[in-house]
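Working notes, beginning with the structure itself.
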Amino acid sequence: MGIYLPLQFMPGTVVRLTINDSVLYGFVAHSTPERSYFRTGIEVVQVLIGGSDLSQLLKATLEEAMPEVELLEALP
């Protein structure tokens, strides 16, 4: 997953990203300066999927784009 961040993280740094009511776990693969931000690649290894419509869209996208990632359903 690629994101732009205002801070640079070293490769190998463990990260947790929260998107609505879902949480993605992974580590930084690379962080490259680009203008005033850092283009950061994150290797996602596990996702805790929430129950919102946005989270269900995230789940469908991840299942298609990254089938090797472990998806766990959040408890209601």
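Brief remarks on what is shown
- From the list 31, 55, the one residue that fits, being within 15 Å of residue 1 (Cβ to Cβ) and in contact (Cβ under 8 Å) with a residue 12 or more places away in the chain, is 31.
- Test for residue 62: is it touching a Lys or Arg at 6+ places or on another chain (Cβ under 8 Å) and either at pLDDT 95 or above or of a type outside the set (Val, Ile, Thr) (or both): no
- Within the stretch 21-42, the set of residues being surrounded by 14 or more Cβ atoms within 10 Å (Cβ to Cβ) and among the polar types (S, T, N, Q) comprises 22, 31, 40.
- Pairs linking a residue in the stretch 59-74 that is closer than 11 Å to residue 46 by Cβ and loosely packed, with under 14 Cβ neighbours inside 10 Å to a residue that is hydrophobic (A, V, I, L, M, F, W, C) and at pLDDT 90 or above, with Cβ atoms under 6 Å and 6 or more positions apart or on different chains, are 72/48.
- Single residue of 46, 56, 8 found to be loosely packed, with under 15 Cβ neighbours inside 10 Å, out of contact with any His (no Cβ under 6 Å at 6 or more places or on another chain) and part of a helix (DSSP H, G or I): 56
The values are calculated or read from the model by the stated rules, or taken from the named source; none is laboratory data. None of these values were measured; they are calculated from a predicted model. Here Cβ is always computed from backbone atoms with ideal geometry, including for glycine, and neighbour counts include all displayed protein chains.
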